[in-house]
1. Along Cα→Cβ, 7 Å out, is where each label goes; now give me the distance between the ones at K4 and E99 in nm to one decimal.
2. So what does log10 I(q)/I(0) come out to for the range 23-98 at q = 0.18, 0.26 Å⁻¹, using the Debye formula with one equal point on every Cα and no solvent?
3. Take the alpha carbon atoms of the range 59-77, find their center, do the same for the range 37-53, and report the distance between the two centers in whole angstrom.
4. If I model a spin label at K56 and V84 as a point 7 Å from the Cα along the Cα→Cβ vector, what separation in nanometres do I get?
Amino acid sequence: MKKKFMTLAASAAIVVSTLCSCITLNSGAAISSNSPVGPKVGEAKSSIILGLWSSKGEQNNIQTAAANAGIKKVSHVEYIDKAVLLGLWIEHTTRVYGE
């Protein structure tokens, strides 16, 4: 009985840790120039739920991220995708650096 309980508890711990995990799928500079990274940073975020529905997806672009920080000259753009609950919920961030 004790061995069966320990097996069940270990299995439950693995399942819970897998479902609660959060991973970064893609992180890196997508667009860059030869200029140094600017002092201002702007972000635009959106969420994708179940791969079917996106909140603020049309607003997650370089122009919106730059406008959020008052950036007129973009030097670098970074895209970050973070998956939660085995990818059932994905947070997409566009980060813009510039002056």
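Quick note: the coordinates plus some simple rules give every number you see, no bench work behind them. It should be emphasised that the depicted structure is a prediction, and the values quoted were computed from it without experimental measurement. Virtual Cβ from ideal backbone geometry, glycine too; neighbours counted across all protein chains shown.
1. So the label points at K4 and E99 sit 7.3 nm apart.
2. For the requested q values the scattering log ratios are -0.69, -1.11.
3. 11 Å
4. Label at K56, label at V84, 1.3 nm between them.
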